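Here is the structure we will look at.
The values are calculated or read from the model by the stated rules, or taken from the named source; none is laboratory data. Just so it is clear, the model here is predicted, and its values are computed rather than measured. For neighbour counting, all protein chains shown are included, and Cβ atoms are generated from backbone atoms with ideal geometry for every residue, glycine included. Quick note on the areas: whole protein, heavy atoms, side chains included, nothing else; ligands and nucleic acids left out. Shrake-Rupley method; radii C 1.70, N 1.55, O 1.52, S 1.80 Å.
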Amino acid sequence: MVLNAKETQAIKELQSQEQICIEKYRKYGKDAKDPVLKDLFQTLEQKEQQHYNTLGQILSGSVPQCDCNDTEGRDYNPSGTYSIMSHSPDKDADGFLATDSISTEKMVSSEYNSDVFTFGDTDIRKALAEIQIEEQNHAEMLYKYKTVNGMS
């Protein structure tokens, strides 16, 4: 499989977005006060690294198999750390990190939703669609974290 120039550029741009997500989740994992949120950011950092690696494989001419994991967000049930009615600097800071991360996931998911139509190869389209689903799962996980902690 050989990508054309437009397809190669799209993959490289998506890789750039994934790299930003990796760095953001690494930083946010250090900044978060709540251990549950720290763990979530570590998980998301690893998932974004997998996306980056998948895109690298596509650039190298191979497309990994898809498992279309659409249950990760649905099955995520974080425990609450903060009281729903409480307000504290730590809760506010963690709420900001989670909210900002949801915005990032929405933006990246949108990029995949648009870029998938750049490709004619069915396997690449499936791989990109799978990543897009996983980005939606990440946003759902962050939303559930905010909800259980009274941040939404």
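Inspect all residues belonging to the stretch 31-53 and state whether any of them is among the acidic types (Asp, Glu) and touching a Gly at 6+ places or on another chain (Cβ under 9 Å). Outline the logic, then answer.
Taking the stretch 31-53 first, the residues among the acidic types (Asp, Glu) are 31, 34, 39, 45, 48.
Of the ones still in play, those that are also touching a Gly at 6+ places or on another chain (Cβ under 9 Å) are 39, 45.
Within the stretch 31-53, one or more residues are among the acidic types (Asp, Glu) and touching a Gly at 6+ places or on another chain (Cβ under 9 Å).
What are the residue pairs meeting all of these: first residue in the stretch 76-92, first residue in contact (Cβ under 8 Å) with a residue 12 or more places away in the chain and at negative phi, second residue of a type outside the set (Gly, Ala, Ser) and open to solvent by 100 Å² or more (accessible area, probe 1.4 Å), Cβ atoms under 7 Å, and 6 or more apart or on different chains?
Short answer, once both residue conditions are applied: Asp90/Lys33.
Name the residues in the stretch 108-143 that are surrounded by fewer than 19 Cβ atoms within 10 Å (Cβ to Cβ), among the charged types (D, E, K, R) and closer than 28 Å to Asn77 by Cβ, would you?
Scanning the stretch 108-143 gives a single hit, Glu140.
Of all the residues that make up the stretch 47-74, how many are assigned to a helix (DSSP H, G or I) and loosely packed, with under 12 Cβ neighbours inside 10 Å?
Count: 1.
Being buried (at least 18 other Cβ atoms within 10 Å of the Cβ), within 16 Å of Leu14 (Cβ to Cβ) and modelled with pLDDT of 95 or more: is that true of Glu105 here? I'd like the intermediate steps shown before the answer.
On the way: buried (at least 18 other Cβ atoms within 10 Å of the Cβ): yes; within 16 Å of Leu14 (Cβ to Cβ): yes; modelled with pLDDT of 95 or more: yes.
Yes: the conditions hold for Glu105.
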